[in-house]
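Everything below concerns the one structure shown next.
The values are calculated or read from the model by the stated rules, or taken from the named source; none is laboratory data. What you see is a predicted model, and the numbers here were worked out from it, not measured in a lab. Virtual Cβ from ideal backbone geometry, glycine too; neighbours counted across all protein chains shown. We work out accessible area using only protein heavy atoms, side chains counted, and drop any ligands, DNA or RNA first. Shrake-Rupley method; radii C 1.70, N 1.55, O 1.52, S 1.80 Å.
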Amino acid sequence: MDFSEYNPAVIAIAAHLCGYTKSVALNADGTLEWFGESTHPSDSEINAQLSAAQTEYDTNGAKTA
């Protein structure tokens, strides 16, 4: 799945909403990098949380001083 249209912070929040507490990154090809972890959310689990993650980011994560 290609997640390149999403802010990496939103992807991280989606992973957290799935119960994942380690690092995730967005690769240049739009795939997700789990840094060798064998247990992590699936693309479909991340996709299911993106709307809630975007709302969380818009409400709390994108604030500036």
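Just one of the listed residues (Ser51, Ser23) is free of Cβ contacts under 8 Å to residues at least 24 places away in the same chain and part of a helix (DSSP H, G or I), namely Ser51.
In summary, Leu32 fulfils each of the numbered conditions (1) open to solvent by less than 50 Å² (accessible area, probe 1.4 Å); (2) more than 12 Å from Met1 (Cβ to Cβ) with the single exception of condition (2). Selection of first residues in region 1-15 that are free of Cβ contacts under 8 Å to residues at least 40 places away in the same chain and of second residues that are open to solvent by 40 Å² or more (accessible area, probe 1.4 Å), restricted to Cβ pairs under 7 Å at least 6 apart or on distinct chains, gives the following pairs, ordered by first then second residue: Ser4/Leu26; Pro8/Leu26; Ala14/Gln49.
For Tyr57, the requirement of being open to solvent by less than 70 Å² (accessible area, probe 1.4 Å) and part of a loop (DSSP other than H, G, I, E, B) is not met.
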